[in-house]
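Working notes for the structure below.
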Amino acid sequence: MNMLLSTWSFSESILNTVATKLGNSAGALDLVETCARMAEADESIDSVGVGGYPDADGRCTFDAAVMLSPSQSGGVCAIERHQHPVSLARLVMEKTNHTLLAGPLADVFADEHGLESVDILTQSSKEKWLKWKEDHQPTETLAPYDTGTGKLFGNHDTIGTLAVDARGTMAGACSTSGMAWKVPGRVGDSPIIGHGLYVDPKRGAATATGHGELISGVCSSFLVVELMGRGASPIEAIQEMLERVEHSYDIESEHQVACIALTPDGQFAGGALRDGFTYVVCKNGPAEVKSPEFVLNP
Ligand code: ASP
């Protein structure tokens, strides 16, 4: 089997390119890393990699994670000088005995491993921040809403990609520049194992996007994988996780939590707290944009 699943419709062209370029023989980890790298390099994607929204002080920071299994994961958060946090997360997994490196010292680790240091605050990011400052907009976030054209409204999102390769190996990766205008130093769910991403080859894989604080509060990705391991289908597991979110928080209009999940034998589903989420599946053919099978509050 060779299957790729990824958040948001902007993943459609990415999955098609990766499936064509890397083909059936590629390993799951290479597949998910390459997808995240493409999103990180695409300036038109507002909330992943270069072109992402800055924090309230006009500084861009990136977070990412990769995971193969409970004993093989890596993450980086709040990095400021390297374009591909997902590759740095993979280096953390492969070259250290740790799971998470943070901030300027994570950038130093990247330097030591030969990753090129760059200015990640692009002109477009700076202009968005200056406009936000001038307009004195409130700091609250807008829930991401997919227009279905590859473009999102809202001011945060994450590429989360899950794969099962032809050998049956599972992997996951996620990458984000976090929420627009966040309090400097804020880190969301994406780089934290079990929150924005979880992979257990015996049970399945899940990745989340949306309001990081809500996702973290119920350990969303771990919860979904754990429920699948106890017999739930992907959609049942996502539904239970979303109900847990709803029971744990006073849900506001700007809140969104969305998740995709995949079992080792290729069953998959997507679900969200509210309308506006899409995901993409690619299996032996062109990538297909899908609406979530379950929306808690349509
Ligand atoms: N979950 C990410 C964060 O909170 C953003 C998103 O996926 O929309 O940083």
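The values are calculated or read from the model by the stated rules, or taken from the named source; none is laboratory data. Model, not experiment: these values are computed from the prediction. Cβ: placed from backbone, ideal geometry, glycine included. Neighbour counts: every protein chain shown. Keep in mind that these areas ignore ligands, DNA and RNA; they rest on the heavy atoms of the full protein, side chains included. Shrake-Rupley method; radii C 1.70, N 1.55, O 1.52, S 1.80 Å.
One table, with the values for the structure above:
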| quantity | calculated |
| --- | --- |
| Whole-number accessible area per residue in Å² for the chain, which is evaluated in the context of all protein chains at 1.4 Å | 40 |
| Subset of Lys126/Lys182; Lys128/Lys290; Lys133/Lys182 violating a 22 Å alpha-carbon distance limit | Lys128/Lys290 |
| Packing-based ranking, highest mean first, of 166-177, 276-287 given that Cβ atoms within 10 Å are counted | 166-177, 276-287 |
| Accessible-area composition of region 166-298, carbon plus sulfur, in percent [1.4 Å probe] | 47 |
| 15 Å beta-carbon shell around Pro201, net charge (K/R +1, D/E -1) | -1 |
| Inverse of mean 1/r across different Cα pairs in region 44-140, Kirkwood, Å | 14.1 |
| Cα pair distances in region 132-291, grouped into 5 Å bins until the bin that holds the longest one, percent each | 2, 10, 19, 22, 21, 14, 8, 3, 2, 1, 0 |
| Cα principal axis extents for the chain, largest first, Å | 50, 44, 34 |
| Charge context of Thr7, other residues only, Cβ under 10 angstrom, K/R +1, D/E -1 | -2 |
| Expected 222 nm ellipticity per residue - DSSP helices of 4 or more, -39500 (n - 2.57), all of the chain, to 500 | -9500 deg cm²/dmol |
| Counted charge near Gly114, where neighbours are those whose Cβ lies closer than 14 Å (Asp, Glu -1; Lys, Arg +1) | -2 |
| Distance (nanometres) between label positions extended 7 Å along Cα→Cβ at Glu288 and Glu252 | 3.8 |
| For region 2-46, radius of gyration divided by Kirkwood radius, i.e. Rg to Rh on alpha-carbons | 0.94 |
